[in-house]
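Heads up: the structure comes next, in structure tokens.
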Amino acid sequence: MKHLTRLSLVLLSALVLSSCGEQKPVLYIFGWDDYFNPDLLERFEEENGCRIQLDIFDSNEAMLAKLKAGATGYDILMPSSYMVKILEREGMIRELDHGKIPNLKNIDPVYLSETAFDKTMRVSVPYMCSPTGIGYVEGKVTDPKPSWTLLETPELKGRITLLNDSRETIGAALKALGYSLNTLNDAEIASARDLVIRWKQNIAKFESDQYNAGIASGEFLICHGYSGDLFQAQELNDKVVIVIPEEGTSIACDDLVIPTAAPSPDLAHAFINFLCEAEVAAANTEYIYYLAPNSAAYELLSDKIKNESAIFIDPVVRGKSEMIDDLGPEGNAKYNVAWDLIKAAAIN
Amino acid sequence: MSNPSPKYSPHRFNRSEWIRTIPSFGWLAFFFAIPTLLILVMSFKSANPYGGFGEGWSLQAWRDMGNPSYPAVTWRTVWLSVVATVICVAMALPVGFLLGKSLPKTRATLLLLIIVPFWTNFLIRVYAWKVLLHPEGYLRQALLSLHLIDERTLLLNHEWAVLLVMVYSYLPFAILPIYAAAEKFDFALLDAARDLGASAIRSFWQIFVPGVQRGLFAALVMVLIPALGSYIIPDLVGGAASEMLGNKIAARLFVDRNWPHAAAVSVLLMAVTLFPVLFAFAQQKKESRPESPRPESAKKGAAPA
Amino acid sequence: MRLISGRHPFAIAAMGVALVFLYLPILVLVLNSFNASRYGSTWEGWTIDWYARLFSSRSQDIWDALSRSLIVATMASAVSMVLGTLAAWVLHRYRTRLQQAHFGLIYLPIVAPDILMGISLAIFFVTLGVERNLMAITVAHITFCISYVTLAVLARLQDFDGSFVDAARDLGASRFQTIVRVVVPLLLPGIMAGGLLAFTLSIDDFVITFFVKGVGSDTLPLKIYGMTKHTKEMPVINALSTLLLTFTFASVWWVQRLTGNRART
């Protein structure tokens, strides 16, 4: 017993001592997982003599829930564009000091005028955009069409996944039926809901996180997912093919914002400036397979990326695609009700 | 004051007793009892449309309980948990029997062997099952080539996978209480029964099982109640149609960020677990009643409950 | 060599099945820590790459999470050992209605599902506006650990021989001396067993910690959950688990050897 006590005391003191020590300033980021090229983060840490602490959320709602529950120590948040509006309305983010972010000139003006919600980058700077698409394993799907109908392949029942996100999945159905994915029309939402329930008959599960590991390992053969994630799966399994449905899809853009209560706002501005450097944006795009809407970076990209239709989307398809917008409490409620019914629907 | 024999004085206010009770009682009252009651209270708050609790009170969370999925999910939670419990206990009885009959050295080794897997992280073990049950994995390929299943059958993302992993996770909770009771069981009774002509099976069911009934009830409780609250297992290995109440609570809290509604669903779960909990309490009361001195038996360190 | 008294083929078979069942995933995880394949569903060759990666700087956050888990578990088991032993003592000593309520309060956390405890504490901390850091997690862990320690010590108390205490007092020992020199050593196996159980439960706790946690305070199980859902480097976790398992196995075996020759009381 004595030996054990002594040993455990030594162990305990070693642990306590090892966790004290680092006094560098810390930049606290709350963002999506696998969303930065880690070498670039290290470079920022070295250039600015700080440490980056990255916390991960897996959905905008989860991020908001955490913030509302009192998590206040973050310097940088990475919400999707629609969530930026909500955060602003709740007074949780601050106006950006453009003087501290000279690299803003690199941001693609076409993106800002056509797609962005915050066109003057008053409170947010776009970071990465990606379309939602469908990934499938080559050879397992007979006659694959770049269309939402792929999700209804009964031969592959149990090997298909849909995103566990009400707006994305109902949105996909709306697009497949030719409607806007921000519609408030009850009839349109109802038919989209019924379509999703039809899709549901063939899926393994609703999955927003593990589908890329799943499709790479062959657990799933068709996945409704974010193109960036699907590209990462493609890196691991070259049989994965990614298509953007021709009926149009949702384009998600994640932005960088600084909370009002940020502990290190100057460091946060410096970080945003860093990410807007042409070189850094290009490196991130190459790593994540999402597109940084940074025109100075476009020239620096490799041909492989420039020719990839799931990154630089065909303009016709792009014209049919939209960004998911916040619809206010009543609008959101309609989708929530439809989603609840989808989740409750039986699988035959 | 130094004689530690129990004091049977139900009505006298004893200051030193109160002082010694306050630390643990106070802690649990503050961090366990009050929060639990708080769930019920907060389920009557209105929800902030952008997450968390809103201002004021409302019955909306309870009206939302009319959602058609809840009866199905509740029923699934109950039957999956009950079946898992039955299987666990059915496996634990012969195992506990064997442990009771083993010689001390074997018994210690076997116990260690049973406990050791549970020193690996729970998530890792569930994830290992995902690997085992993978559609492209060796197990399924083997079953396919033996023609035991057809091409369309999948081992994962299904209710059966949830059941399997539940049994796996809760098995030791069934084995330990039954073993604890088996250790005190007088196996000579079984020999006597055999001498009187009873078959092995009969003596097992009619002598051994009633003889360890305290352990049996403890096992039932220790498996059923956590099983009802399962969340990780259906989340990782279950499919779209295998949601349990735990998933619903987590989804309401983290995805929908509707805290009052999550609280309401939690109250539903509390109601579902109420019966086994009350049963457990009744059993505990029976057990802790002061009894006549037991025959000397080699008591090891401590096994909880 | 006799291991078991009597012949019980069915029970032995049941034990065999149970052991195979229990070890199947363990085998998978140990093998996969050496499997060159990321996903582990098929074998792609031997490698110790994952172990190398575990000890490289890229896995620093895993070790940070582990040390947080160890710190929380140590504090939680220490506090719950004190509170739990005190509770067991007073439960054993008095049979009043207060103690009946006390026992109920001790017993409930053991039978309550994790998720209920998790959400109740999450709501409680949010309502109080308390910061949800490691301290909050530790408080949550103490809350569920006390009960286990109490029951472990209570079991030990059932065989407690009060005459030792009387003898000590007769020989002139003060109350403090009696407690420290007589009671605690006699109860120590129960206290340690309870503390060990509390430590294990705290290290492995996922659900309660998941609901309670706040910014930047991932314990190891939370880190693992994050990794299983997002990163493709699961085998690193398998490597860590294999190491932890070996370590625990070795410690237990070593402790058994140290205490093996002492007569069991």
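Quick note: the coordinates plus some simple rules give every number you see, no bench work behind them. Everything numeric here is computed off the predicted structure, so don't read it as measured data. Cβ placement follows ideal geometry from the backbone for every residue including glycine, while neighbour counts extend to all protein chains displayed.
List of remarks:
- Cα gyration tensor shape of the stretch C:60-259, rounded if a/c is under 1.5, else prolate or oblate by comparing a/b with b/c: oblate
- Farthest positive-ward along the protein assembly as shown dipole, Cα basis, beta-carbon charges - from B:H158, C:V180, C:T74: C:V180
- Most fluctuating residue given options A:D143, A:D118, A:D75, as computed from a GNM of chain A linking Cα atoms under 10 Å: A:D143
- Counting Cβ atoms of other protein chains within 10 Å of each Cβ in B:234-240 and taking the mean gives 5.
- Packing-based order for B:280-286, C:52-58, A:169-175, B:75-81, using average beta carbon neighbours within 10 Å, highest first: A:169-175, B:75-81, B:280-286, C:52-58
- When each of the peptides B:129-138, C:114-123, A:183-192, B:115-124 is scored by the mean number of other C-beta atoms lying within 10 Å of its residues, the order from highest to lowest reads C:114-123, B:129-138, B:115-124, A:183-192.
- Using alpha-carbon coordinates, inclination of helix C:134-157 to the longest axis of chain C, degrees: 50 degrees
- Springs between Cα atoms under 10 Å define the GNM used for chain A, and in it the highest mean-square fluctuation of A:L181, A:L221, A:L327 occurs at A:L327.
- Annotation for the stretch B:198-234 versus the stretch B:45-71: alpha-carbon center distance of 38 Å.
- The distance linking the stretch A:124-175 with the stretch B:74-140 is 37 Å (Cα centroid to Cα centroid, whole angstrom).
- Shape call, the stretch A:115-222: gyration tensor on alpha carbons, a/c limit 1.5: oblate
- Taking the longest Cα principal axis of chain C as reference, the axis of helix C:9-32 is set at about 50 degrees.
- Shielding of C:236-245 by partner chains, average beta-carbon count, 10 Å: 3
- Rg/Rh for the stretch C:1-160, where both radii come from Cα atoms and Rh is the Kirkwood radius: 1.11
- Shape parameters for the protein assembly as shown, alpha-carbon atoms, Rg then Dmax in Å: 29.4, 97
- Extreme residue, positive dipole direction of the stretch B:25-107, given options B:T85, B:V73, B:A61 (C-beta unit charges): B:T85
- In this Cβ point-charge picture (+1 for Lys and Arg, -1 for Asp and Glu), the stretch C:60-259 has a dipole of about 300 debye about its Cα centre.
- Per-residue [θ]222 nm for chain B (sum of -39500 (n - 2.57) over DSSP H runs n ≥ 4, rounded to 500): -19500 deg cm²/dmol
- Within chain C, helix-based [θ] at 222 nm, where runs of 4 or more DSSP H residues each add -39,500 (n - 2.57), nearest 500: -24500 deg cm²/dmol
- Rounded, prolate or oblate (a/c below 1.5 giving rounded, otherwise prolate when a/b exceeds b/c) for chain B by Cα gyration tensor: oblate
- Relative contact order, whole percent, for the stretch C:60-259 stands at 35, derived from Cα pairs under 8 Å and 6 or more residues apart.
- Peptide C:89-101 has a mean of 6 when you count, residue by residue, the C-beta atoms of other protein chains within 10 Å of its C-beta.
- Among C:D170, C:D61, C:D205: highest mean-square fluctuation, GNM of chain C, C-alpha pairs under 10 Å: C:D170
- Per-pair calculated FRET efficiency, R0 = 30 Å: B:K105 and B:A188 via Cβ, rounded to 0.05: 0.90
- With 10 Å bins from 0: P(r) over chain A, alpha-carbon pairs, percent: 5, 23, 31, 23, 11, 5, 2, 0
- Secondary-structure-derived ellipticity at 222 nm for chain A, considering helices only, amounts to -12500 deg cm²/dmol, per-run term -39500 (n - 2.57) for DSSP H runs with n ≥ 4.
- Packing-based order for B:143-152, B:226-235, using average beta carbon neighbours within 10 Å, highest first: B:226-235, B:143-152
- Between helix A:186-200 and chain A there is an angle of about 80 degrees, using the helix long axis and the longest principal axis of the Cα atoms.
- For chain A, the antiparallel share of DSSP beta bridges with both residues in that region comes to about 60%.
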